[in-house]
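Enquirer: First, the structure itself, so that you have it in front of you.
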Amino acid sequence: MSTDERMEKMESQLSRMRWINRCLIACIVLSFGAWFISNAFGPEQVWPQSGVKEIRAASFILEDENGKARAVLMVSEEGPGLSLLDENGKPRAELAVTKDGPLLGLYDENGKNRAGLSVTKDGSELDLYDENVNTRAELAVRKEGPSLLMGDENGKVRAGLSVVKEGPVLKLYDENDKFRAGLTVLKDGPLLGLCDENGKNRAVLSLGKEGLGLVLYDENEKLRAALSVDKEVGPGLVLFDENDKTIWSAP
């Protein structure tokens, strides 16, 4: 390539650079002008001039770079709702406001509900589910007080803990939903109750101001024996027959 050809090529490149610089300067000036107008007059004056005051729609869909829906905002008969989707199009989180109150649902990769939070007139509640959508834990706060329920793999309640006006209460259940044991703390003291497979009371152990007491029942819930340790009198034992009549006592 000759010297003249090199000079012509350089002049062509310089001309191209000058044109690019002019475009950049024009863009900067336009951007600065738009910023100045927006700050000088404010959105409340710019928007009316453009004719756009608000945007109204029945639903909004947000897509990712691949054109897949990842978020849906819509209003149904139940109320407004927001759904967030994963890359496979399955809902992973949903937020809604219904007539009963707000709801929040969380889902796993299979689209199964694993957690739910709700607020109603009765109070607030948090539910946790396993992979089979069986309730495994339920935490609630209602007018009576807070409570916690825990279930097994079959969705049956096995343990319940609550705090009421009288005091805290712990209840344990077997696989057949039968109440088998309960523990509470009342004003007079703690109380422990044991039940058989039919849910009938068989033994009660208490510790009150007077002392320690234990009562035993038969399968018909009839009192058969009572053991007490009174602070003033001392220990005592009473046995009853099937008609609740005393057949032996000591002292």
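The values are calculated or read from the model by the stated rules, or taken from the named source; none is laboratory data. What you are looking at is a predicted structure, and each value in this text was computed from that prediction instead of being measured. Here Cβ is always computed from backbone atoms with ideal geometry, including for glycine, and neighbour counts include all displayed protein chains.
Enquirer: Does Glu87 count as over 30 Å from Arg158 (Cα atoms), assigned to a loop (DSSP other than H, G, I, E, B) and modelled with pLDDT of 90 or more?
Expert: Details: over 30 Å from Arg158 (Cα atoms): yes; assigned to a loop (DSSP other than H, G, I, E, B): yes; modelled with pLDDT of 90 or more: yes.
In short, yes.
Enquirer: Looking only at segment 129-144, count every residue that is surrounded by fewer than 16 Cβ atoms within 10 Å (Cβ to Cβ) and assigned to a strand (DSSP E or B) and tell me the total.
Expert: Qualifying residue count for the region: 3.
Enquirer: I need the strands (runs of 3 or more DSSP E) fully contained in segment 196-251, keeping only those with at least 2 residues that are surrounded by 12 or more Cβ atoms within 10 Å (Cβ to Cβ) and assigned by TED's automatic domain parsing to the domain that holds Asp174. Walk me through it before giving the result.
Expert: Details: elements: 201-207, 211-217, 223-230, 234-240, 246-250.
Because the criterion is at least 2 residues that are surrounded by 12 or more Cβ atoms within 10 Å (Cβ to Cβ) and assigned by TED's automatic domain parsing to the domain that holds Asp174, the strands (runs of 3 or more DSSP E) in segment 196-251 that meet it are 201-207, 211-217, 223-230, 234-240.
Enquirer: Now for a separate question. Could you identify the single residue in Gly105, Gly111 that is under 29 Å from Ser147 (Cα atoms), surrounded by 15 or more Cβ atoms within 10 Å (Cβ to Cβ) and touching a strand residue (DSSP E or B) at 6+ places or on another chain (Cβ under 7 Å)? Show your work before the answer.
Expert: Details: Gly111 fails: surrounded by 15 or more Cβ atoms within 10 Å (Cβ to Cβ).
One residue alone meets the criteria, Gly105.
Enquirer: Another question, if that's okay. Got a number for residues in segment 62-93 being under 15 Å from Leu106 (Cβ atoms) and over 23 Å from the mean Cα position of the chain (by Cα)?
Expert: 0
Enquirer: Evaluate the following for Val163: is it part of a strand (DSSP E or B), out of contact with any His (no Cβ under 9 Å at 6 or more places or on another chain) and within 30 Å of Ser118 (Cα to Cα)? Break it down into steps so the answer makes sense when it comes.
Expert: On the way: part of a strand (DSSP E or B): yes; out of contact with any His (no Cβ under 9 Å at 6 or more places or on another chain): yes; within 30 Å of Ser118 (Cα to Cα): yes.
Spelling it out, Val163 is indeed part of a strand (DSSP E or B), out of contact with any His (no Cβ under 9 Å at 6 or more places or on another chain) and within 30 Å of Ser118 (Cα to Cα).
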